[in-house]
């Protein structure tokens, strides 16, 4: 695809072409499927996962052994491992998606126009979703379920290390589809570990409508760079909490601690704490000591270091950093404008929160911070499909086109205009 | 940008860079502007267009003379010509956009979640819109107005033949912005006729959020192919009317005649008429003679030729054709399935209509035809921003990602999640 890479083999190219065509045809079938059929497929697939537990564990063990032989580290093996609990949790996930309301066919804003026609919008599937992910095999079931329920066909490409697990999970999804009288091509899992297959998948404009990469920043960057199909993605989660002058100290402490320490490795974890200069003397010493109790390393601007003993000075790179670790950058700002400016300059448009009792400042922050989630007096950790009531999420988007923020079923759909007349013509 | 083109000059590259940066900064200003400010800018710009009528006519005459010297044809000169009426109509357009409701800041679906937080969505601008168009100078005012009202900065690049007209219109827009205390960089009109400028504009990911090409298919294809920024566009309008077995003949005739003959050159004009075999004997002879009275050339499938004397046989190419001319392809189909299949295979996902009194067939057509507008018993000519009540449109999109169908103010916006808490943390 790039000049430096060898040309893709003819065989792989025609394999991907036929896979794409099959997905396109299958997308028409699943677009027409009733809610009952889609739910039946999901419930039968859940049952199949439970019935085939032994097979799944065996396939997963095979993958784990390969990964161990290849010298992968413990964190990698952990992500790859399903275990019995993982299998039951996948099945439960399918049942949860079955319980969600079907977005497809929903009609909104159907109103009469002066010409006499009625104009409204109907929610429709996107078509074919390509999902590219890394070593977690549970994504196979989770992503397939969301695509299926939203009336989309999907082509899944998991990490090569999880090939056997993914194929075993795919077989269960296919059993579910079959039980509902639906084509297996609605959920296709790539059976090749060839890296060129991804390059083809993300450029098959005719057959694939949107690409969702799930995984590390390297994967997402590579895909965004080379895809010529729209990509739903986020690259970074450099999330901020701004503690305003009028913040209630107890709320500011609770939110900051939760946003930083509830989980360190998630994209909605706070990475930089911004503190209004007027509240710094009352707030900074206590939050610093609480953070340190939790084992969080602090890096502060020169002004903030006056309030916190033995804190290293933050460098310019710290303001851009997504640590995904027990490290926190701290900066004192003179006012809400400076806080918004800092977030605009260094943030990643993911999730940012203000802690304040001042209505005007809260509203300014809400309107002017251009992030996919903006919060008042709440922890950034709430930025999540389940917490927002979407039921499940296929990812979080920090782009503005199409879906923004946590992407659930609705983000995998579009709306077409519908017009009802009774012989109406335009004059 | 492609291998075959010469490298872009350093000068142009840095010029575009500074233009892009100015647009990005201006986008923050217009995003924060109040409705009153935006309306003031639009109304003052309208007034400025009227006050500067003579200057505008002079600039336009200059462009027209150049075009005539360059040997452009009458249709081209017609598109390029403003005239006094054109100027007043631009001013009226600005006032109409001022009268539209401001979409920015609108909050929807603000509901409490079990955790106690309130989650909703707020409508926000996209940021910077790049608009590339051809010889019609009125697009400068129309497009700038929609971007401004939707809180976006824009970079406009009109056809080089309209350079003087576009600069004169830009000056009026700037006067309007100034009157409202807003930066002129909110509406930037490229002052270079260098074609490379377009290549740079459509690849400046950092500074431009979406590209809207307006013009002929050649322009749109070129831009879609090379852009690495999302493009809101439609390539073809191969629109169908399907006259079902149960159609009322009078409605079928009225709709078909309107869809084909009200205007030949528009993207929502019918290009292929599909007729159910059972109604063909009653419908085809009369519609054929009416179409011929209007001067429409007919091209039919072999079966339809049995009902219409001296009709040429349609070739495969006719089913794909967007004639934009008084030519109509006619095909007899055995049932609604065959009609949907034909539209799926040959259509362009723009606008398709069924004429039927059968509720089940109407609903199947509505659900299964995957086009940006799907109509029951109404003319395809209704597919239009004004007719749909959007107030104005920046274009029609046949893509499924982001905006679909006529794109008005809402299509130039996005939604972010907002969360209200009172010290809430995630457990």
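The values are calculated or read from the model by the stated rules, or taken from the named source; none is laboratory data. Source: prediction; values computed, not measured. So basically every Cβ, Gly included, is an ideal-geometry build from the backbone, and we count neighbours across all protein chains shown.
Considering the conditions (1) in contact (Cβ under 8 Å) with a residue 12 or more places away in the chain; (2) at the interface with chain A (Cβ under 9 Å from one of its Cβ atoms), residue B:326 is excluded by exactly one of them, (2). Could you go through the stretch A:391-399 and let me know if any residue there is more than 7 Å from every other protein chain (Cβ to nearest Cβ), farther than 28 Å from residue A:128 by Cα, surrounded by 23 or more Cβ atoms within 10 Å (Cβ to Cβ) and touching a helix residue (DSSP H, G or I) at 6+ places or on another chain (Cβ under 8 Å). No, the stretch A:391-399 contains no residue that is more than 7 Å from every other protein chain (Cβ to nearest Cβ), farther than 28 Å from residue A:128 by Cα, surrounded by 23 or more Cβ atoms within 10 Å (Cβ to Cβ) and touching a helix residue (DSSP H, G or I) at 6+ places or on another chain (Cβ under 8 Å). Just for the stretch B:63-78: of the residues that are assigned to a loop (DSSP other than H, G, I, E, B) and in contact with a helix residue (DSSP H, G or I) (Cβ under 9 Å, 6 or more places away or on another chain), which one is surrounded by the fewest Cβ atoms within 10 Å (Cβ to Cβ)? Selected residue: B:70.
If the condition is being buried (at least 19 other Cβ atoms within 10 Å of the Cβ) and closer than 11 Å to residue A:377 by Cα, then the stretch A:254-263 contributes A:255, A:256. Looking across the stretch A:111-143, just one residue is out of contact with any strand residue (DSSP E or B) (no Cβ under 9 Å at 6 or more places or on another chain) and either part of a strand (DSSP E or B) or within 11 Å of chain B (Cβ to nearest Cβ) (or both), and that is A:114. Do you know which of the residues in the stretch B:180-194 that are outside any strand (DSSP E or B) and under 22 Å from the mean Cα position of the chain (by Cα) is modelled with the lowest pLDDT? Ranking the candidates gives B:190 first. No other residue among B:41, B:45, B:26 is within 14 Å of chain A (Cβ to nearest Cβ), closer than 23 Å to residue B:104 by Cα, touching a helix residue (DSSP H, G or I) at 6+ places or on another chain (Cβ under 6 Å) and crowded, with 17+ Cβ neighbours inside 10 Å apart from B:26.
Restricted to strands (runs of 3 or more DSSP E) entirely inside the stretch B:195-285, those with at least 2 residues that are within 15 Å of the chain's Cα centre (by Cα), at pLDDT 90 or above and within 13 Å of another protein chain (Cβ to nearest Cβ) are B:210-214.
Note on the stretch B:337-361: among residues that are more than 27 Å from the chain's Cα centre (by Cα) and surrounded by 21 or more Cβ atoms within 10 Å (Cβ to Cβ), the one that is nearest to residue A:33 (Cα to Cα) is B:361.
Quick grid of which residues meet (1) within 28 Å of residue B:343 (Cα to Cα); (2) touching a residue at least 60 places away in the same chain (Cβ under 8 Å):
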position	(1), (2)
A:16	yes, yes
A:23	yes, yes
A:31	yes, yes
A:36	yes, no
A:59	no, yes
A:66	no, yes
A:71	no, no
A:91	no, no
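Checked against (1) part of a strand (DSSP E or B); (2) surrounded by 12 or more Cβ atoms within 10 Å (Cβ to Cβ), residue B:108 passes all but condition (2). Of B:94, B:148, B:88, B:156, all but one fail to be more than 14 Å from every other protein chain (Cβ to nearest Cβ), in a helix (DSSP H, G or I) and in contact with a strand residue (DSSP E or B) (Cβ under 7 Å, 6 or more places away or on another chain); the exception is B:148. If you take the residues of the stretch A:161-186 that are touching a strand residue (DSSP E or B) at 6+ places or on another chain (Cβ under 6 Å) and crowded, with 24+ Cβ neighbours inside 10 Å, which of them is nearest to residue A:411 (Cα to Cα)? Filtering first and then ranking leaves A:186.
Counting the residues of the stretch A:345-385 that are farther than 20 Å from residue A:261 by Cβ, part of a loop (DSSP other than H, G, I, E, B) and at the interface with chain B (Cβ under 8 Å from one of its Cβ atoms) gives 3.
Residue A:292 meets the conditions (1) away from every other protein chain (no Cβ under 14 Å); (2) surrounded by fewer than 23 Cβ atoms within 10 Å (Cβ to Cβ); (3) within 19 Å of the chain's Cα centre (by Cα) in every case but one. The failed one is (3).
A residue that is at pLDDT below 95 and surrounded by fewer than 16 Cβ atoms within 10 Å (Cβ to Cβ) can be found somewhere in the stretch B:300-318.
More than 27 Å from residue A:131 (Cα to Cα), surrounded by fewer than 19 Cβ atoms within 10 Å (Cβ to Cβ) and at pLDDT 95 or above: does that describe residue A:379? Against the criterion (more than 27 Å from residue A:131 (Cα to Cα), surrounded by fewer than 19 Cβ atoms within 10 Å (Cβ to Cβ) and at pLDDT 95 or above), residue A:379 does not qualify. Could you pull out the residue among B:12, B:56 that is within 29 Å of residue B:80 (Cα to Cα), surrounded by 14 or more Cβ atoms within 10 Å (Cβ to Cβ), modelled with pLDDT of 95 or more and more than 14 Å from chain A (Cβ to nearest Cβ)? B:56 is the lone residue from the list that is within 29 Å of residue B:80 (Cα to Cα), surrounded by 14 or more Cβ atoms within 10 Å (Cβ to Cβ), modelled with pLDDT of 95 or more and more than 14 Å from chain A (Cβ to nearest Cβ). Does any residue of the stretch A:191-206 turn out to be under 24 Å from residue B:209 (Cα atoms), surrounded by 19 or more Cβ atoms within 10 Å (Cβ to Cβ) and in contact with a helix residue (DSSP H, G or I) (Cβ under 8 Å, 6 or more places away or on another chain)? Yes: the stretch A:191-206 contains one or more residues that are under 24 Å from residue B:209 (Cα atoms), surrounded by 19 or more Cβ atoms within 10 Å (Cβ to Cβ) and in contact with a helix residue (DSSP H, G or I) (Cβ under 8 Å, 6 or more places away or on another chain). Which residues, taken from the stretch B:29-38, are surrounded by fewer than 20 Cβ atoms within 10 Å (Cβ to Cβ) and in a helix (DSSP H, G or I)? Those that are surrounded by fewer than 20 Cβ atoms within 10 Å (Cβ to Cβ) and in a helix (DSSP H, G or I): B:29, B:32, B:35, B:36, B:37. Candidates A:349, A:345: the one that is out of contact with any strand residue (DSSP E or B) (no Cβ under 7 Å at 6 or more places or on another chain), closer than 30 Å to residue A:229 by Cα and free of Cβ contacts under 8 Å to residues at least 40 places away in the same chain is A:345.
Residues of the stretch B:405-421 that are at the interface with chain A (Cβ under 7 Å from one of its Cβ atoms) and in contact (Cβ under 8 Å) with a residue 60 or more places away in the chain: B:414, B:415, B:416, B:417, B:418, B:419, B:420, B:421.
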